[in-house]
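Peer 1: Provided herewith is a single structure, encoded as structure tokens, for subsequent inquiry.
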Amino acid sequence: MTTRVLRSSEIRPRGLGRRLLHSSLLEALAYPHGVDRYVELVRPLLLTRDVRSEVLAVRHQTPRSVTLTLRANENWRGFRAGQFVGVSVEVDGVRLTRPYSPAGSEHAPGGELELTVSTHPEGRVSRHLRDHARPGMIVDLTQARGDFVLPECRPERVLLISGGSGITPVMAMLRTLCEEGYAGEIGFLNYARSRALALYDLELATLVLRHEGLRVARGFTRARGPELTGRFSREHVRAVTSEHAEAATFVCGPPALIDSVRAVWAEDGLAEPTVETFTPPALCFDTDGAEGRVSFTVSGREAANSGLPLLEQAEDAGLAPDHGCRMGICNTCSCHKTAGTVRNVISGAISSAGEEQIRICVSVPVGDVSLDL
Ligand SMILES: Cc1cc2nc3c(=O)[nH]c(=O)nc-3n(C[C@H](O)[C@H](O)[C@H](O)COP(=O)(O)OP(=O)(O)OC[C@H]3O[C@@H](n4cnc5c(N)ncnc54)[C@H](O)[C@@H]3O)c2cc1C
Ligand code: FES
């Protein structure tokens, strides 16, 4: 008889054990820390509510990236190709959360997901993951979120355009469609700075051989590309489809790439493509006309309203609120406002609802505001 030692991710509570972990009696006995805080000391993946994952494999496709294969615990509800998850890690004793888009198929079995993280020169989480991620490492996740997704009813033609690290959500869409045996046409246009920094090179070459309807073209913006030269243009689109007007188009990449695609689509009188960027937009703020004071009630700090988003005002006051995307997408910076009016810098909407949860990265005070920070 052979015996096999189970990995912690394979040890999942079942039946009575699971019901017991979820019981309000046990939760009451564990007060004030909650059951999860005790359970995690023994089995890190065996949490009653939180999503946790174990790193199964680590590979470096390029010197500036790391690709992690993770297996999430039972609380994970899966994802739709194109969505993102919040990934939390502890860096120098501080817990930081950043959004990352799974790059694998949404049909991957057993709670498996793949993340490819490109490093930023000063980036705390991206460099931490590149330098320290190892098999067996435990990573906290949120459930998947986001509207950058393929329609449930698959369109006849799909065009996927990406640049740099923005390849991840469209790679998930491509892998998902291929795994479904999608019979329509897929155009896949991707830009990297150079061959050395190009992600998923080998995988794309293999997928093209296996899927008749798939056309892939890659461009290197700082070198001559294998198929394309220079930055995005109308000619590049023709390399992967002759029917871009008919294709459901998804674009993920730096703002300049998104703007170029939008310009071509507008010239052709087409509906806006579905877009996502990982880079916060450059926004202008009226700092001269700012009035009132901002009170951070938990820390007891207070400052004159500078007119900047509350996240920046909190940082300027010496606080370090948790945040992720800094553009109102991931909800990591969500904070309780106890009083006052704020304006959303992206939508322009004014909210004076008094007590409410707000995303402080995109909320600017209009007069006095108090926050639970
Ligand atoms: C919806 C969504 C999905 C994402 N998916 C992925 C993904 O799949 N793979 C991936 O590699 N990244 C992805 N990102 C970006 C990722 O969340 C982080 O922003 C990135 O890893 C940098 O985090 P950091 O902690 O290393 O940098 P930080 O310590 O937060 O920042 C360090 C410096 O880098 C700059 N910086 C940070 N992020 C960016 C950026 N995106 N572009 C330009 N400058 C930046 C900051 O201004 C700062 O000066 C996604 C972002 C969003 C909003
Ligand atoms: S940091 Fe992502 S919503 Fe504010």
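The values are calculated or read from the model by the stated rules, or taken from the named source; none is laboratory data. Treat the numbers as computed from the prediction; the structure is a model and nothing was measured. Don't worry about glycine lacking a Cβ; one is built from the backbone with ideal geometry, like all the others, and counts go over all protein chains shown. Only protein heavy atoms, including side chains, enter the accessible area calculation; ligands, DNA and RNA are left aside. Shrake-Rupley method; radii C 1.70, N 1.55, O 1.52, S 1.80 Å.
Peer 1: Would you pick out the residues in region 90-127 that are exposed (fewer than 13 other Cβ atoms within 10 Å of the Cβ) and more than 6 Å from ligand 1 (Cβ to nearest atom)?
Peer 2: If the condition is that a residue be exposed (fewer than 13 other Cβ atoms within 10 Å of the Cβ) and more than 6 Å from ligand 1 (Cβ to nearest atom), then 90, 92, 93, 94, 95, 107, 109, 110, 121 are the ones that fit.
Peer 1: To continue, here is another question. Which one is farthest from ligand 1 (Cβ to nearest atom), of the residues in region 129-151 that are part of a strand (DSSP E or B) and farther than 19 Å from residue 327 by Cα?
Peer 2: First, the residues of region 129-151 that are part of a strand (DSSP E or B): 138-141, 145.
If we keep only those that are farther than 19 Å from residue 327 by Cα as well, we get 138-141.
Numbers: 138: 19, 139: 14, 140: 15, 141: 13 Å.
Among residues in region 129-151 that are part of a strand (DSSP E or B) and farther than 19 Å from residue 327 by Cα, the one farthest from ligand 1 (Cβ to nearest atom) is 138.
Peer 1: Using the structure shown, decide if residue 58 is more than 20 Å from residue 321 (Cβ to Cβ), open to solvent by 10 Å² or more (accessible area, probe 1.4 Å) and β-branched (Val, Ile, Thr). Before the answer, list the steps.
Peer 2: On the way: more than 20 Å from residue 321 (Cβ to Cβ): yes; open to solvent by 10 Å² or more (accessible area, probe 1.4 Å): yes; β-branched (Val, Ile, Thr): yes.
Answer is yes for this residue.
Peer 1: May I ask you to verify whether residue 158 is outside any loop (DSSP other than H, G, I, E, B) and either more than 16 Å from ligand 1 (Cβ to nearest atom) or aromatic (Phe, Trp, Tyr) (or both)?
Peer 2: On the way: outside any loop (DSSP other than H, G, I, E, B): yes; either more than 16 Å from ligand 1 (Cβ to nearest atom) or aromatic (Phe, Trp, Tyr) (or both): yes.
In short, yes.
Peer 1: Can we say residue 71 is outside any loop (DSSP other than H, G, I, E, B), more than 16 Å from ligand 1 (Cβ to nearest atom) and among the charged types (D, E, K, R)? Full working, then the answer.
Peer 2: Values: outside any loop (DSSP other than H, G, I, E, B): yes; more than 16 Å from ligand 1 (Cβ to nearest atom): yes; among the charged types (D, E, K, R): yes.
In short, yes.
Peer 1: Another question, then. Tell me the residue from 142, 168 that is more than 28 Å from residue 224 (Cβ to Cβ), of a type in the set (Ser, Thr, Tyr) and in contact (Cβ under 8 Å) with a residue 60 or more places away in the chain, please. Write out each step before concluding.
Peer 2: Numbers: 168 fails: more than 28 Å from residue 224 (Cβ to Cβ).
None of the other options fit; the residue is 142.
Peer 1: Could you identify the single residue in 230, 213, 181 that is over 29 Å from residue 325 (Cβ atoms), at pLDDT below 95, over 20 Å from the mean Cα position of the chain (by Cα) and away from ligand 1 (no atom under 16 Å from the Cβ)?
Peer 2: On the way: 213 fails: at pLDDT below 95; 181 fails: at pLDDT below 95.
Going through 230, 213, 181 in turn, just one is over 29 Å from residue 325 (Cβ atoms), at pLDDT below 95, over 20 Å from the mean Cα position of the chain (by Cα) and away from ligand 1 (no atom under 16 Å from the Cβ): 230.
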